[in-house]
1. Cut-off under 29 Å on the C-alpha distance; same-chain residues fewer than 8 positions from LYS76 excluded. Which lysines are left, in chain and number order?
2. Check which residues have an amide H placed less than 5 Å from VAL48's amide H, if you skip close sequence neighbours.
3. Express the relative contact order of the stretch 214-373 as a whole percentage, based on alpha carbon pairs under 8 Å and six or more residues apart in sequence.
4. Only loop residues by DSSP count here, and only those with at most 11 other Cβ atoms within 10 Å; note down the trypsin sites (Lys or Arg not before Pro) in the stretch 198-237 that meet that.
5. Packing-wise, with mean Cβ within 10 Å as the measure, how do 146-154, 328-336, 56-64 rank, highest first?
6. For Cα pairs less than 8 Å apart in space and 6+ apart in sequence, what is the mean separation divided by the residue count of the chain, i.e. the relative contact order in percent?
7. Can you tell me how much longer the chain between LYS353 and ASN275 gets when fully stretched, taken as 0.36 nm per residue apart minus their C-alpha distance, in nm with one decimal?
8. With axes computed from alpha carbons, what is the tilt in degrees of helix 172-184 against the longest principal axis of the chain, rounded to the nearest 10 within 0 to 90?
Amino acid sequence: MGDASECRGYYLAIMQPASTSVSGQLAKLDPSAWNLTAEPGQHNGEVVILLRFPYNKELVARVRQLPGARWSRTKKAWYVRDNEHYREQFGLPHKEQGKNALARIGEVNKAALQRLVETLRLKGYSSHTENTYRNEFAQLLFVLNEVPVDSLTPERLRSYMLYCTTELKLSEATLHSRLNAIKFYFEQVLKREKFFAEIPRPKKHSTLPKHISQRDVKKLFDATSNLKHNTLLRLCYGMGLRVSEIIGLKLQHIDSGNMQVHIVRGKGKKDRYVNLPESILAQLRMYYKEYQPKEYLFEGQYGGAYTVRSAQAVFKQALKAAGINKQVGIHGLRHSYAMHLMEAGTDIGHIQKLLGHEKIETTLIYAQVTNREVKKVKSPLDSL
């Protein structure tokens with residue numbers, strides 16, 4: 001397929017529209033005269049296309065006619081839904097195929113996808129990792145069409161990752177997932193060691209854990225009147241559990257005699273013990289008496305484990321009922337548990353074991369937020 005520039009051109013020819021000019025309703029206008037730009041973005045959790053241009057009454061009237069067009073005060077721009085119609089209209093690259101790519105893989109590469117999945121299963125990877133790797137690898141196979149993936153060189157793959165970065169503008173997390181999936185295929189399935197030595201990884205965005213204060217945690221519990229929901233949230237916070245761990249709890253995992261709970265096959269397929277809060281014991285017995293779960297501590301309407309989506313919905317409803325206006329998910333209860341332990345002076349090694357972190361560095365990130373000595377430092381503004 002030629003050198004790197006030819007390879008990149010190959011990807012662009014497949015994934016980008018031929019023209020980058022504004023078309024459709026706005027084609028009647030001269031984009032250069034109005035200085036209109038369109039860019040993908042997010043607004044209130046929705047994926048949108050932001051339209052920016054110097055104010056002009058006529059152009060505003062035309063934009064208003066676009067189905068679903070709205071004005072965002074926070075973004076200071078007009079926006080429409082991010083779909084293929086508007087991407088083509090505003091000259092943006094076509095979106096990736098998502099899960100639909102699985103159904104549009106060329107015949108020549110279907111066996112490669114199957115080998116990837118089989119190897120993941122043989123090595124005992126989780127279903128979540130399997131789904132992620134399969135979907136990310138499928139994106140490459142979709143682009144290749146009938147070009148055998150096994151024929152790709154490191155230079156070709158480097159060009160593809162550059163395309164994902166510069167043209168598709170994928171996030172750092174997605175780029176890492178895609179590179180991991182492709183790397184797994186070439187190194188674990190095809191056994192081509194050091195195949196990715198020349199492909200640099202994007203620098204990850206260093207984020208701090210989202211959490212809520214102890215005062216807000218109490219408000220959250222007080223606002224949740226449903227016994228089942230309240231018990232789920234209290235245990236999630238009181239033991240610092242991941243959402244997958246709280247819904248995976250079985251009755252046999254709870255040892256009220258020793259006040260411990262056995263977390264089976266947590267992240268990384270590792271078991272650990274966490275302490276059962278004494279304050280929850282009476283409520284836990286009341287919950288068991290009322291709901292009489294059969295196998296899992298929290299079960300769905302028709303039996304079986306409670307779903308992740310249901311647990312997330314419970315937390316979201318509790319936030320709203322408590323009037324807590326923070327962009328945080330149910331995992332924030334786990335972060336809050338760790339932060340509040342650290343603020344209370346708990347040894348970092350104990351927190352590491354309770355959270356099930358393999359490396360102490362993972363736990364130390366909470367120290368960046370809860371450093372009590374730093375919090376004592378007064379701003380010079382307070383001395384004026």
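Read the figures in this text as sums done on the coordinates, not as results from a lab. Not measured: the values here are computed from a predicted model. FYI the Cβ positions are ideal-geometry reconstructions off the backbone, even for glycines, and counts take in every protein chain you see.
1. Filter leaves LYS28, LYS57, LYS95, LYS169, LYS204, LYS210, LYS316, LYS320, LYS326.
2. GLY41, GLN42, HIS43, ASP82
3. Averaging sequence separation for qualifying contacts and normalising by length gives 27 percent for the stretch 214-373.
4. LYS203, LYS204
5. Values: 146-154: 14.7, 328-336: 20.9, 56-64: 13.0.
Ranking, from highest mean packing down: 328-336, 146-154, 56-64.
6. Details: 432 pairs, mean separation 47.1, N = 384.
Contact order relative to length: 12 percent.
7. 27.0 nm
8. 90 degrees
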